[in-house]
Amino acid sequence: MRMSPPALPRRVAAEFIGTGALVAVIVGSGIRADTLSQDIGVRLLANAAASAIGLGLLIALIGPLSGAHFNPVVTLSEWWSRRRTGGSREVLAYIGAQLAGAVTGALLAEAMFGRTPGAWATESRSALHLLLGEAVATAGLVLVVRGLRHIGRPGLAPVAVAGYIGAAIWFTSSGSFANPAATVGRAFSDSFTGIAPGSVPAFAAAQLLGMLLGMVLAGVLYGTRDAVAEPNPADARRTG
């Protein structure tokens, strides 16, 4: 029997909590890595592993509630593919919750490690090659998410999406933020994973460009029809 999807307020709360938890994992593991090693490779490995594991667990837990987007580019790409049935009110609510959750998660991570929450990051990430890396990282993420649905294997999302992000942290020059909300949140942490506020707009623009590229690649590879009919973002059964 098909379960009724949770009401919008509950789905929005799930996106807020999930995004906040994800950013807390990313920022917190970066702060911890900073205190344990001066080796940049060791710090990156620790941060990538914690981020991938945390993301996979959160998708598995929250996917049945909200789709576990945690990311405006995922929300926007999903809405675009179902724009005839999805409402803009839901999209705006999701993105608002993701942005608020990301900032909250970064501040929580700072507080957990005895740091003063709210200090702006100072790490500039404005070089052109970093923006290219961020566009590539985001395109790959969107391709993975949409590709899983097109081949009828959305249940693999916890493993596949987490695995991709863990790999992309290493193979892209930008470290694979691939998430405008998380990028905003990371501006509130002057740590290993931080990004200076002045670099945020260009990173977000690169991520949106990557989203479009990922959607085009998915269309070229899989066409416009899903292998298995999928409900809209409100459906409790979708795993994102």
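We did not get these values from a lab; they are worked out from the coordinates using the rules stated. Remember, it's a predicted structure, so these values are computed and weren't measured experimentally. Note that we place each Cβ from the backbone using ideal geometry, even for glycine, and neighbour counts take in every protein chain shown.
Over the Cα atoms of the range 107-188, each weighted equally, I'd like the Debye log10 I(q)/I(0) at q = 0.16 Å⁻¹, rounded to two decimals. Per q value, in the given order, log10 I(q)/I(0) is -0.73. Between HIS129 and ALA202, how many nm apart are label points set 7 Å from Cα along the C-beta direction? The answer from the label model is 1.4 nm. Between the beta carbons of ARG82 and LEU209, assuming R0 = 25 Å, the FRET efficiency works out to 0.70 to the nearest 0.05. The stretch between VAL216 and ASP39 holds 59.9 nm of extra length on full extension. This uses 0.36 nm per residue minus the Cα-Cα distance. For the chain, a simple Cβ point-charge model (Lys and Arg +1, Asp and Glu -1, everything else neutral) yields a dipole of about 740 debye relative to the Cα centre. Taking Cα atoms only, the orientation of helix 128-150 departs from the longest principal axis of the chain by about 30 degrees. In the range 64-132, Rg over Rh equals 1.10, where Rg is the alpha-carbon radius of gyration and Rh the Kirkwood radius from pairwise Cα distances. Kirkwood analysis of the range 1-43, using all unique Cα-Cα pairs, places the hydrodynamic radius at 12.9 Å.
Enter the per residue convex hull volume of the range 52-167, computed from alpha-carbon coordinates, in Å³ rounded to the nearest integer. Each step should come with its number before you reach the end.
Values: hull volume 16.0 nm³, N = 116.
Spelled out: Cα convex hull of the range 52-167, divided by residues, is 138 Å³.
Packing here is the average count of other Cβ atoms within 10 Å per residue, and on that basis the peptides 98-106, 116-124, 43-51, 66-74, highest first, run 66-74, 98-106, 43-51, 116-124. Computed over the chain with a Gaussian network model linking Cα atoms closer than 10 Å, the most mobile of GLY41, GLY185, GLY214 is GLY41.
Taking label points 7 Å from Cα along the Cα-to-Cβ direction, SER173 and ALA111 give a separation of 3.8 nm.
Every helix of 4 or more DSSP H residues in the chain counts as -39500 (n - 2.57), and over all residues that averages to -23000 deg cm²/dmol at 222 nm. Relative to the longest principal axis of the Cα atoms of the chain, the long axis of helix 88-112 makes an angle of roughly 30 degrees.
Pairs of C-alpha atoms in the chain farther apart than 26 Å represent 32 percent of all such pairs.
Taking every alpha-carbon pair within the range 3-75, the share separated by more than 20 Å comes to 38 percent.
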